[in-house]
1. Could you give me the residue pairs with C-beta distances under 6 Å whose first residue belongs to the range 43-63 and is not assigned by the TED database to the domain that holds His396, whose second residue is open to solvent by less than 10 Å² (accessible area, probe 1.4 Å) and of a type in the set (D, E, K, R) wherever it lies, and which are 6+ apart or on separate chains?
2. Against the condition more than 29 Å from Pro403 (Cα to Cα) and touching a helix residue (DSSP H, G or I) at 6+ places or on another chain (Cβ under 7 Å), how does Ala163 come out, does it pass?
3. Here are the criteria: (1) closer than 13 Å to Gly52 by Cβ; (2) open to solvent by 10 Å² or more (accessible area, probe 1.4 Å); (3) of a type in the set (A, V, I, L, M). Tell me which single one Leu300 does not satisfy.
4. Mind listing whichever residues of the range 17-38 are open to solvent by 50 Å² or more (accessible area, probe 1.4 Å) and not in a helix (DSSP H, G or I)?
5. Got a number for residues in the range 312-346 being open to solvent by 10 Å² or more (accessible area, probe 1.4 Å) and either of a type in the set (A, V, I, L, M) or not assigned by the TED database to the domain that holds Cys301 (or both)?
6. Check Asn76 against each of (1) surrounded by fewer than 17 Cβ atoms within 10 Å (Cβ to Cβ); (2) in a helix (DSSP H, G or I); (3) free of Cβ contacts under 8 Å to residues at least 40 places away in the same chain and name the one condition it does not meet.
7. How many residues are touching a Lys or Arg at 6+ places or on another chain (Cβ under 8 Å) and within 16 Å of Lys39 (Cβ to Cβ) if we restrict to the range 131-163?
8. Scan Gly406, Gly411 and give me the residue that is closer than 30 Å to Gly126 by Cα, open to solvent by less than 40 Å² (accessible area, probe 1.4 Å) and in contact with a helix residue (DSSP H, G or I) (Cβ under 8 Å, 6 or more places away or on another chain).
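The values are calculated or read from the model by the stated rules, or taken from the named source; none is laboratory data. The structure displayed is predicted, hence computed values, not measured ones. Glycine gets a Cβ as well: all are built from the backbone with ideal geometry, and neighbour counts include every protein chain shown. Note: areas computed on protein heavy atoms with side chains; ligands, DNA, RNA excluded. Shrake-Rupley method; radii C 1.70, N 1.55, O 1.52, S 1.80 Å.
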Amino acid sequence: NPYTGLVSHLRAAWLSGKTRPMEYRVAQLEALGRFLDEKKQEILEATALDMGKPSFEAYFTEILLCKNELNDTLNNLSHWMKDERVDKNLVTQLDSAFIRKDPYGVVLIIAPWNYPIHLFLVPLIGAIAAGNCVIIKPSETSKNTERLVAEVLSCYLDNDCYAVVTAGAQETTRLLENKFDYIFFTGTSRSPSVGRIVMAAAAKHLTPVTLELGGKNPCYVSDICDVQNVARRVAWGRFFNAGQTCIAPDYVLCSVEMQEKLMPALREAITEFFGSNPRESPDFGRIVGDKQFRRIRALLCSGRVAIGGQTDEKERYIAPTVLADVLPTDPAMQEEIFGPILPIVVVANIDEAIDFINARPQPLAIYAFSCDSKVVNQVLERTSSGGFCGNDTLMHVTLTSLPFGGIGSSGLGMYHGKFTFDTFTHHRGCLHRNMGLETLNALRYPPYGQQKLGLLTATFEIKRKGMCTLL
């Protein structure tokens with residue numbers, strides 16, 4: 001296997017204990033901060049070359065949000081690393097019971113192309129903070145960013161403990177044959193099938209995994225709302241990064257009356273954001289590759305094109321598009337769109353919308369818009385998803401205090417902020433007992449008896465609060 005030597009090298013570094021001291025972890029994290037500061041322009045240029053990503057969007061997602069994760073981790077690392085003291089029973093009152101925060105060992109991070117810096121760097125921050133050695137596999141689809149990461153990251157990080165592997169699908173399959181102590185995989189469109197491949201490879205070594213996949217994120221719009229605000233927030237979430245966002249609103253559920261109100265408001269919002277010809281806008285991106293372009297273009301036959309619909313294969317341009325009167329059986333409703341197309345599916349009421357959502361696989365995010373908070377809460381309480389955002393789109397992902405992850409076919413596990421540190425940490429339950437006081441242990445030793453059992457129960461039993469024992 002071409003990667004066995006590399007994995008073995010990192011494992012030897014991990015076994016040496018090099019990555020465990022807090023000072024070492026902080027030094028490596030600070031080096032990532034210098035990478036973001038010093039290579040800011042190269043990051044903006046590489047993401048623009050790969051997918052026409054506007055510099056504003058690239059700075060916000062690939063640099064600012066990463067620096068937030070980094071600073072949150074550096075601000076809290078000493079606290080996160082500390083042993084966590086736990087409650088004790090009567091027998092262990094004189095002993096030490098705690099949770100030790102151990103690194104897993106050598107971990108693998110497989111990143112996607114749509115946010116090619118953010119989606120390898122955020123898990124990497126947590127993996128380093130937790131004390132692991134790491135192999136990073138950036139996406140080969142975003143070629144310019146992959147080249148930048150491969151050429152430059154080794155100048156900032158300790159090469160004995162952190163390595164970048166450039167690989168296509170076949171090479172990644174060989175890479176996955178090696179034993180890792182944790183695998184973190186983020187996919188893009190159609191990622192559940194790839195997630196199954198990663199999980200199957202991990203199962204051969206009983207390796208734990210985090211799978212960040214995706215899905216069709218519903219966006220329910222009630223009849224009671226500020227239509228202009230809804231249109232702006234939905235259009236921003238759908239067309240940000242040219243729709244190539246795993247948590248983008250994938251389709252709108254609303255009444256036929258609301259569809260009629262939303263359409264001019266969405267048209268106005270799109271014009272406000274990108275001008276009368278979005279193709280000329282510096283603020284609207286392009287599809288990452290020809291294969292992805294053709295797949296998305298094929299979805300335009302769903303419903304009727306109410307806004308946009310223009311395409312240019314040479315530029316890999318698909319206009320911000322809204323499809324009206326889309327049926328559940330239409331192609332756009334059979335797979336995650338992962339492009340700048342927003343279908344609107346008409347439902348009679350909130351109950352029908354919730355039934356529609358619940359009849360499909362659990363999505364990565366659910367959005368609900370209403371001026372009535374009871375309506376938003378109803379959608380929250382009666383559905384299941386990785387995350388939820390009421391009266392906006394995407395914004396929940398900006399909080400390091402919230403866990404980010406999927407459920408069911410949209411993913412497994414969570415990260416961001418402390419949740420990333422916890423993901424890459426083995427929480428080791430520890431009890432350190434006093435060597436003396438052996439008479440306290442006599443209750444559990446044979447020969448057994450009813451009196452011993454009564455005393456054992458009294459010292460070990462956990463009682464419901466508010467209950468008392470009558471003697």
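1. Ile43/Glu62; Thr47/Lys53
2. Values: more than 29 Å from Pro403 (Cα to Cα): no; touching a helix residue (DSSP H, G or I) at 6+ places or on another chain (Cβ under 7 Å): yes.
Criteria not met by Ala163.
3. Just one mismatch for Leu300, condition (1).
4. If we filter the range 17-38 for residues that are open to solvent by 50 Å² or more (accessible area, probe 1.4 Å), which is where we start, we get 18, 20-23, 30, 34, 37-38.
Across the range 17-38, the qualifying residues are Lys18, Arg20, Pro21.
5. 3
6. Unmet condition: (3).
7. 3
8. Details: Gly406 fails: in contact with a helix residue (DSSP H, G or I) (Cβ under 8 Å, 6 or more places away or on another chain).
When all the criteria are applied, what remains is Gly411.
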